[in-house]
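Here's the structure we're looking at; comments come further down.
The values are calculated or read from the model by the stated rules, or taken from the named source; none is laboratory data. All of these numbers come straight from a predicted model, not from anything done at the bench. So basically every Cβ, Gly included, is an ideal-geometry build from the backbone, and we count neighbours across all protein chains shown.
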Amino acid sequence: MSLFTIDLFFWIPVICFDFNYLNLTCTRSSLPEINCELKKFTSVGSMEELKIFAPQKAYIQTVSRKADEIHQVIIVSKLGKISLLPNISYEDDKVFISEFNSFINSSKSFLTLHQNNRNYYIFLSVYMLVGVGICLFLVTTPVTTCSFDKNMNKVLIERKSLRSNKVMEYPLEEIHSLYTRNKPYRNSTIYQAVISTKDSQEIPINPQYTDKQDVDDIVARIRHFLNLQD
């Protein structure tokens, strides 16, 4: 897979989620009059602007879903309630409302606050990218079927994947032995069952390595079926 393709897989979900950036500016012209201007920018360059007259307070609204909770800052004004950005961390929302409410209850003349849910959507995009990568790995990894047929006197090894379908046949009398091959992997050892033929070919039953118990079980069952010596 090319670097361009990887970049494309990454940025498509990021763009589609359309993360937002919010800027809130409040001014106090005279006690107790406060007016705020709310600007919301999206990743595609659009902007929404809203005037908030006489804000009174801000609080965090929590909505419970099946597996998690969604937190969102709500600003209360004389004209109603205004919802800010979703998918902001709870800690960031707490800081936001603390600074906003402190300004409302103070004599300060100016306040500016920001919200940005870019990190949430980038994390979600990376999570989706990993999921896509795992799915691609699973569907492109060959599936091996190995059949030993005494009536037809042959072993049939078939490897199927999205890109290819390979079939190998060998007479049973050409099988010299069956053994377990291993190799180090990180801090452990992984194993593979291998057929050795009389003409010195070594044919892995499965190209993928796995744990020792599974491979030993496969080798023991085939040896028993073919009456091979350990």
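Numbers at a glance
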read-out	value
Pair list, Cβ < 8 Å and 6+ apart or interchain, from the range 153-167 residues that are within 16 Å of GLN208 (Cβ to Cβ) to residues that are assigned to a loop (DSSP other than H, G, I, E, B) and hydrophobic (A, V, I, L, M, F, W, C)	ILE157/ILE205
Only listed residue being assigned to a helix (DSSP H, G or I), modelled with pLDDT of 85 or more and surrounded by 11 or more Cβ atoms within 10 Å (Cβ to Cβ), chosen from PHE148, PHE100	PHE100
So VAL95, is it at pLDDT 90 or above, over 15 Å from PRO32 (Cβ atoms) and not in a strand (DSSP E or B)	yes
Those residues of the range 202-220 which are exposed (fewer than 13 other Cβ atoms within 10 Å of the Cβ) and either over 22 Å from THR189 (Cα atoms) or polar (S, T, N, Q) (or both), in sequence order	GLN208, GLN213
Scope the range 212-228; condition farther than 17 Å from THR145 by Cβ and touching a residue at least 60 places away in the same chain (Cβ under 8 Å); matching residues	LEU226
Enumerated strands (runs of 3 or more DSSP E) restricted to the range 22-85, each holding at least 3 residues that are over 15 Å from GLU99 (Cα atoms) and in contact (Cβ under 8 Å) with a residue 12 or more places away in the chain	33-42, 47-53, 69-77
When residues of the range 42-74 are limited to those that are among the β-branched types (Val, Ile, Thr) and out of contact with any Ser or Thr (no Cβ under 8 Å at 6 or more places or on another chain), the one surrounded by the fewest Cβ atoms within 10 Å (Cβ to Cβ)	VAL44
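Here's the yes/no breakdown for (1) among the small types (Gly, Ala, Ser); (2) part of a strand (DSSP E or B); (3) closer than 17 Å to PRO142 by Cβ; (4) touching a strand residue (DSSP E or B) at 6+ places or on another chain (Cβ under 6 Å):
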residue	(1), (2), (3), (4)
ARG163	no, no, yes, no
SER196	yes, yes, no, yes
SER200	yes, no, no, no
VAL219	no, no, no, yes
ARG223	no, no, no, yes
